[in-house]
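Below: one structure, written as structure tokens.
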Amino acid sequence: MAKDVKGIMILKGEDIAGWYEQVCLKSEVADFGPSKGTMVIRPRGYFIWEQIQKFFNENIVDKFGVENAYFPLFIPESFFAKEASHAEGFAPEVAWLDKELTGDGERLAVRPTSETIMYDSYSKWIRSYKDLPLKINQWCNVVRWETEATKLFMRSREFLWQEGHCVYETFDECEADTLNYIKAYQNLASELLAIPTILGQKSEKEKFAGADHTYTIEAFMPDGKALQCGTSHHLGDGFGKAFGVKYVGKDEKEHTPFQNSWGLSTRLIGGMIMTHSDDKGLVLPPKVARNKIVIVPLLFKGKEEGVLKVARDLKKKLKKFGVILDDRAEYKPGAKFGEWEMKGVPLRVEIGPRDVEAGEVVVVKRNDGEKISIKVGDVVGEIPGILDRMHDEMLAKAEKFFSEKVVDVSSVEDFEKVIKDKGIVRMNWCGDSDCEVKIKEKTGATTRCMPIKKSEVGSRKSEVEAGEGKCLFCGKENSCLIYFSRTY
């Protein structure tokens with residue numbers, strides 16, 4: 001479909017991939033880059049990323065005493081060799097430069113993640129227990145040459161993210177923060193983007209390469225696929241040993257510290273778009289909308305002046321909401337409604353001659369189309385509450401969809417049916433990696449996470465919820481409860 005055709009031309013329920021692409025392009029949040037797997041994040045989309053950064057810095061960086069910094073994009077090949085499992089895990093995804101820029105014939109990688117280059121610096125900076133804990137985060141881009149199946153925001157070869165890397169004296173201290181960060185991610189997804197997620201631990205096979213264990217938050221998209229929205233990895237002391245990160249403790253002996261790493265990316269924007277948007281276009285949670293209100297005056301010949309006067313006065317009073325006044329005379333109201341609905345403006349304020357006479361305006365909510373008549377003098381005071389209610393409604397709707405898609409199964413046949421019907425399986429599982437591989441081969445589904453015992457969250461190492469009975473697939477006594485689904 002040509003890009004210049006106005007409106008969304010593909011229905012979400014009929015072709016969600018085509019619909020999603022059109023929403024991203026026509027709402028002007030993103031465009032395709034000139035090379036495969038790259039994207040241009042347009043101002044409307046980048047504002048969303050800025051709100052994620054702002055929320056993150058206020059609720060994670062500041063709250064937990066983390067400091068923002070920046071490390072180089074190019075990583076010497078020898079750095080990857082220092083931690084074998086990490087290097088092996090990222091080998092297929094690394095983009096190498098043709099030129100040898102180190103001066104000694106060594107290849108340089110374009111950053112797929114920054115453990116290696118950051119820990120090289122940490123080995124120089126950390127000398128004593130007094131230097132710990134060291135908590136650093138960086139906002140940057142990464143490149144992963146990992147897939148042919150690219151999708152705007154969801155899976156691209158270059159994307160933006162943050163990655164935190166912290167160093168601690170003890171396993172317990174490291175574990176406490178590893179959990180703090182993943183819980184903070186879950187709060188960000190819910191409080192800012194109205195995306196519900198499950199928090200749990202990754203399987204041994206799916207954990208981060210080189211980590212002791214990995215925690216994740218998983219969302220579920222309308223196309224029947226899970227979306228990993230953020231991860232927090234307890235790295236143990238393996239990376240410290242590999243990169244020579246050591247410190248002299250209070251006992252005046254040399255020790256290897258414990259580390260964690262944690263990150264989320266612009267993938268969250270894609271998850272938000274797919275979760276909330278509809279056949280009219282983009283639906284934005286109000287907190288991440290640059291323009292929260294559009295005022296559309298309904299202009300009738302001979303009565304324009306009175307309507308425009310009220311509209312312009314309201315624009316001044318609603319300035320803090322990034323208000324747009326669409327007083328274009330060459331467009332009919334219906335065309336204006338369609339344009340701003342497609343671009344995801346949360347509230348539309350309609351003002352016509354009858355509204356002026358009645359001293360009212362009509363406020364229309366983008367998320368459900370509800371129309372609310374409000375006295376002109378009450379608009380400024382009513383808007384914040386309406387925006388908050390919209391967020392709560394969007395979150396509740398997404399939670400309902402999520403919960404209805406989770407199905408407990410007791411047979412292989414039920415498992416296959418749920419996956420075929422684009423749902424999430426919750427089942428008892430043996431925890432064996434070989435069984436995990438066989439399940440994926442048979443059904444196309446992968447492990448998402450093992451839910452954590454609520455009473456255990458915050459302890460030395462949280463235990464996953466135990467299952468009962470035997471694994472459905474291999475017949476072994478199961479060790480845990482786990483979620484399976486298709487994924488991006």
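The values are calculated or read from the model by the stated rules, or taken from the named source; none is laboratory data. Please read these numbers as outputs of a predicted model, since none were measured by experiment. So basically every Cβ, Gly included, is an ideal-geometry build from the backbone, and we count neighbours across all protein chains shown.
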Candidate set from the range 393-408 (those that are charged (D, E, K, R) and surrounded by fewer than 12 Cβ atoms within 10 Å (Cβ to Cβ)); member that is nearest to Val310 (Cα to Cα): Lys400
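So, in the range 51-72, of the ones that are among the acidic types (Asp, Glu) and not in a helix (DSSP H, G or I), which residue ends up nearest to Pro112 (Cα to Cα)? Steps first, please.
Keep residues of the range 51-72 that are among the acidic types (Asp, Glu), which gives 58, 62, 67.
Still in the running and not in a helix (DSSP H, G or I): 62, 67.
Details: Asp62: 26, Glu67: 21 Å.
Looking at residues that are among the acidic types (Asp, Glu) and not in a helix (DSSP H, G or I), I get Glu67.
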Positions within the range 17-50 being of a type in the set (D, E, K, R), touching an Asp or Glu at 6+ places or on another chain (Cβ under 7 Å) and in a loop (DSSP other than H, G, I, E, B), in sequence order: Arg42
Residue within the range 144-157 that is within 30 Å of Ala17 (Cβ to Cβ), at pLDDT below 95 and not in a loop (DSSP other than H, G, I, E, B) present: yes
Filter result for the condition that a residue is of a type in the set (Val, Ile, Thr), crowded, with 19+ Cβ neighbours inside 10 Å, under 29 Å from Ile48 (Cα atoms) and touching a residue at least 40 places away in the same chain (Cβ under 8 Å), over Val363, Val356, Val283: Val283
Among the candidates Val23, Val40, residue that is at pLDDT 95 or above, aliphatic (A, V, I, L, M) and surrounded by 20 or more Cβ atoms within 10 Å (Cβ to Cβ): Val23
Answer residue from the range 448-464, given it is in a loop (DSSP other than H, G, I, E, B) and surrounded by fewer than 18 Cβ atoms within 10 Å (Cβ to Cβ) and is modelled with the highest pLDDT among those: Lys453
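Kindly indicate whether Phe56 is among the aromatic types (Phe, Trp, Tyr) and touching a Leu at 6+ places or on another chain (Cβ under 8 Å). Lay out the reasoning, then the answer.
On the way: among the aromatic types (Phe, Trp, Tyr): yes; touching a Leu at 6+ places or on another chain (Cβ under 8 Å): yes.
Criteria met by Phe56.
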Meets criteria (under 17 Å from Ala211 (Cα atoms), crowded, with 17+ Cβ neighbours inside 10 Å, of a type in the set (A, V, I, L, M, F, W, C) and modelled with pLDDT of 95 or more) for Leu160: no
Residue satisfying condition, being closer than 26 Å to Lys26 by Cα and not in a strand (DSSP E or B), within set Asp313, Asp378, Asp368: Asp368
Among residues of the range 418-434, those that are part of a helix (DSSP H, G or I), at pLDDT below 95 and crowded, with 17+ Cβ neighbours inside 10 Å, counted: 0
Some residue of the range 206-218 being within 21 Å of Trp49 (Cβ to Cβ), part of a helix (DSSP H, G or I) and under 22 Å from the mean Cα position of the chain (by Cα): no
Conditions (1) surrounded by fewer than 18 Cβ atoms within 10 Å (Cβ to Cβ); (2) within 18 Å of Arg44 (Cα to Cα); (3) not hydroxyl-bearing (Ser, Thr, Tyr); number of the one not met by Asp251: (2)
Given (1) modelled with pLDDT of 95 or more; (2) within 30 Å of Lys287 (Cα to Cα); (3) surrounded by 13 or more Cβ atoms within 10 Å (Cβ to Cβ), number of the condition Tyr70 does not satisfy: (3)
Hits in the range 219-248 - residues which are outside any strand (DSSP E or B) and surrounded by 20 or more Cβ atoms within 10 Å (Cβ to Cβ): Met221, Phe239, Gly240, Ala242, Phe243, Val245
In the range 359-374, residue nearest to Gly306 (Cα to Cα) [restricted to those that are of a type in the set (Gly, Ala, Ser) and in contact with a strand residue (DSSP E or B) (Cβ under 7 Å, 6 or more places away or on another chain)]: Gly359
Tally of residues being surrounded by 19 or more Cβ atoms within 10 Å (Cβ to Cβ) and either assigned to a loop (DSSP other than H, G, I, E, B) or without any contact (Cβ under 8 Å) to a residue 60 or more places away in the chain (or both) across the range 329-346: 6
Flag for Gln201 being within 30 Å of Cys24 (Cα to Cα) and either modelled with pLDDT of 95 or more or more than 12 Å from the chain's Cα centre (by Cα) (or both): no
Qualifying residue in the range 387-403 (condition: of a type in the set (S, T, N, Q) and in a helix (DSSP H, G or I)): yes
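Quick check on the range 238-287: of everything there that is among the charged types (D, E, K, R) and within 16 Å of Ser123 (Cβ to Cβ), which residue is modelled with the lowest pLDDT? Steps first, please.
Step one: of the range 238-287, the residues among the charged types (D, E, K, R) are 241, 246, 250-254, 267, 278-280, 287.
From the residues that got through so far, the ones that are within 16 Å of Ser123 (Cβ to Cβ) too are 241, 246, 254.
On the way: Lys241: 94, Lys246: 97, Glu254: 98.
The selected residue is Lys241.
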